[in-house]
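Step one of this worksheet: look at the structure below.
All of the numbers you see were taken from the coordinates with simple rules; none came from a lab. Source: prediction; values computed, not measured. Here Cβ is always computed from backbone atoms with ideal geometry, including for glycine, and neighbour counts include all displayed protein chains.
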Amino acid sequence: MHRLSSNLIAPIAIVLAAILCVLAALLSVSQIEQRTGAAVRAALAEQGIAWASVVPDGTLVHLTGTAPDEAARFRALSATGAVVDSARLLDEVEVTPSTPVAAPRFSVELLRNDTGITVIGLIPRATEREALARDLSRIAGKLPVTDMLESADHAMPEGWDDALDFGLKALEELKRAKISINARRVAVTAISDSQAEKQRLERDLRRAAPKGLVLALDISAPRPVIAPFSLRFLMDDEGARFDACAADTDAAAERILAAAKQAGMIAPAECPLGLGVPAPSWGAAVERGIAALATLGAGSLTFSDADVTLIAAPGTDTALFEKTAAELEADLPDLFVLHAVLPDPVKVDGTGGPTGPAEFVATLSPEGLVQLRGRVPDALVREAAESYARARFGRDKVYAAMRIDPNLPEGWPLRVLAGLEALSNLRNGSVIVQAGYLQLTGLTMDDTATARVSRMLSDRLGEAQNFEIDIDYREPPKTEETRPTAEACVAQIGEILAGQKIIFSPGSTMLEGDSVRVVDQIADVLRGCPGAEIEIGGHTDSQGREEMNQQLSQARAEAVLTALMARRVLTSNLTAKGYGESNPIADNDTEEGREANRRIEFRLIAPETTPDEDEDDAASQGNDATSGDQGAQDGQD
């Protein structure tokens, strides 16, 4: 037994030693793991990496966790590798799946002005770049196109092509504009030549916008210079209404229209904003004037710059009139001067005959024929009235049957000429002139004629003048939705000029005679061709100095352009150019040839062509409308 115990001591000792070695090794590994883990965690914390976890496994280190991106994963591995050997590092890090790169926001900005077109933006690579460049070059004409577009290889957004096509159409209509385009929205900021053009552009663009496209329009029209700055408000059996209205600010316009409604005006009215107001207190002055007229119950109120004329209806109570006039004079702001009139009843005969009241009567028929009847003070005034009428209406269109009455009051000739000028603004009608009264009635196709005539009579007749305007407006015949081509427009003008003349007085730039009617007809054509680029060319014969002839031809071409503008024709696409004697079409050695060379031409301005298109130039030569041997001529130089 003793011997057996001795024999077991050695193996037991060996086992115990082995166990102790294992325990020592395990303790050593544990300490290594703890120290390694602590060192790695410290390194990660120093780098601000909180998402990573460290799991030591003996001499190995497991790095786990979910990195937000590849860059974060790399930083964590680098921080751990600085502590342990890369061979001992087991990379078990996962990376958050990356989101796909969002498609870029495709957009284009088109800028157009008198210097050319600039296009800026980012477009899909699938966009037909060459076709876009051709469209922009065509719209720009002879002006340059600056292309600052970039492209990206991403899918074309839905609606992109439609929005881009619409933006190009808008650019073609607008001469001065900024157009911002994306797939869902087109924003247009532009300047128009007039309020009428602004309304037309807004209507046409809204109609042409693709379905589902958001269209934002900001089209402004410059304020016209109104001279004299005038307003005329009437109250009679037909109700309260404006013959003419003007305001300098939106607030003043609202104030004036509110006063008119308070006075009994029912029909909607506008008070256009303009430049030329005589005083900032215009709105307050008009408001008080309308209130005074409402107190009287009937009559007219006319503002012509700072002159205010209050005319009561015949038969108004004298005491009421004097009290109202005195109160208005006291209430008017400084600078405004009141002229108050209580007229005697007016008897209008309308025949100009010897048995009726002293009258001058002029009638204009729908065919353009004018009759002058009634009284003038002497032969000189009779000749002046007849000459003025022939200049306004045509040499062969006037029949004069005036008689001399030396007892007519002072100022009669001025009133006669003012009446004829007012009548020339109508398609047909009549004007009756008396010593203290003027009546104009008739028809117009220009919705601004009443205001224009009212301003003109206020200016010509002066303050404290009693006049009545009764003009019916008839809307011009509507053009078909399919507008004629530019070539067809010039051809129509050529037909007008084929048998009629544009005449100027010798050495003058004033349109006269049949020219007024010719311009009316040309204006009717041009209203249906708002996009046609047309040149109005002035030409003279070779008599006189070359420089003077050039200046005269330029002035006459501009006179025609101005006359068209006065007839509500959009003139942004029209150009006036004087050629002087440089382009004769007949022999200047004969009177017939010189007469043919004195002419006004309407010529289509064609865009620049490529060499391949030059062969068609001969055909385009037919796109000229000439006022010469084939049409209208101007007067002698």
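In what sequence, highest mean first, do 379-385, 78-84 appear when ranked by Cβ atoms within 10 angstrom?
The densest-packed peptide leads the list: 78-84, 379-385.
Using 0.36 nm per residue, how much length does the chain from Lys211 to Lys142 gain when fully extended, once their Cα-Cα distance is taken away?
21.5 nm
Determine the equivalent ellipsoid of segment 111-178 by diagonalising the alpha-carbon gyration tensor, then write out the semi-axes as square roots of 5 times the eigenvalues, largest first, rounded to whole Å.
In descending order the semi-axes read 22, 13, 10 Å.
Normalised by the residues of segment 107-220, what does the relative contact order come to in percent, with Cα pairs under 8 Å and at least six apart?
26
Find the percent of Cα-Cα distances in segment 29-99 that exceed 17 Å, and round it to a whole number.
Value for segment 29-99: 35 percent of Cα pairs lie more than 17 Å apart.
Which whole-Hz ³J(HN,Hα) couplings does segment 136-146 yield from phi under the Karplus relation 6.51 cos²θ - 1.76 cosθ + 1.60, θ = phi - 60°, glycine and proline marked x?
For segment 136-146, the Karplus-derived couplings read 5, 5, 5, 5, 6, x, 7, 7, x, 10, 9 Hz, x marking Gly and Pro.
Restricted to Cα positions, what overall size does the chain have along the principal axes? Three whole-Å values, descending.
Result for the chain: principal-axis Cα extents of 178, 76, 41 Å.
So for segment 55-159, what are the equivalent ellipsoid semi-axes in whole Å, largest first, each being the square root of 5 times an eigenvalue of the Cα gyration tensor?
57, 13, 9
Using only the Cα atoms of segment 230-341, what semi-axes does the equivalent ellipsoid have when each is the square root of 5 times a gyration tensor eigenvalue? Give whole Å, largest first.
Each semi-axis is the square root of five times an eigenvalue, giving 21, 17, 10 Å.
Quote the FRET efficiency, to the nearest 0.05, computed for Ser365 versus Ala566 with a Förster distance R0 of 25 Å and r equal to the Cβ-Cβ distance.
So the FRET efficiency works out to roughly 0.65.
How many angstrom lie between the Cα centre of segment 320-363 and the Cα centre of segment 491-569?
After rounding, the separation between the Cα centres reads 40 Å.
Give the distance, in whole Å, between the Cα centre of segment 385-432 and the Cα centre of segment 222-237.
25
Please go through the residue pairs Lys198/Lys501; Lys501/Lys577; Lys261/Lys323; Lys169/Lys211 and name each one whose alpha carbons sit more than 21 Å apart in this structure.
Lys198/Lys501; Lys261/Lys323
For a quick check: with amide H placed at 1.01 Å from N, whose amide H comes under 5 Å from Gly350's, ignoring anything fewer than 5 positions away on the same chain?
none
According to a simple spin-label model (label point 7 Å from Cα along Cα-to-Cβ), what is the distance in nm between Asp396 and Lys175?
3.7
Calculated from DSSP H runs of 4 or more alone, at -39500 (n - 2.57) each and per residue, what is the 222 nm mean residue ellipticity of the chain, nearest 500?
-12000 deg cm²/dmol
Once amide H atoms are built 1.01 Å from N in the peptide plane, which residues 5 or more positions from Ile502, or in another chain, come under 5 Å H to H?
Ala632, Gln633
Between Asp161 and Thr59, 0.36 nm times their residue separation minus their Cα-Cα distance comes to what?
Between Asp161 and Thr59, full extension yields 30.3 nm more.
Need the full-extension length gain, Thr189 to Ala326, defined as separation in residues times 0.36 nm minus the C-alpha distance. One decimal, nm.
Gain on extension, Thr189 to Ala326, equals 44.4 nm.
When the Karplus curve 6.51 cos²θ - 1.76 cosθ + 1.60 is applied with θ = phi - 60°, which whole-Hz ³J(HN,Hα) does each residue of segment 426-436 get, with x for Gly and Pro?
9, 6, 7, x, 8, 9, 10, 10, 10, 4, x
5 Å is the cut-off here: which amide hydrogens, built 1.01 Å from N in the peptide plane, fall below it relative to Phe467, excluding neighbours closer than 5 in sequence?
Those qualifying (amide H under 5 Å, at least 5 residues apart or on another chain) are Leu438.
Using a Förster radius of 41 Å, what is the FRET efficiency between Asp218 and Lys347 based on their Cβ-Cβ separation? Nearest 0.05, please.
Result of the calculation: an efficiency of 0.15.
Write down Rg/Rh for segment 360-473, rounded to two decimals, with Rg from the C-alpha atoms and Rh from the Kirkwood relation over Cα pairs.
Rounded to two decimals, Rg over Rh is 0.94.
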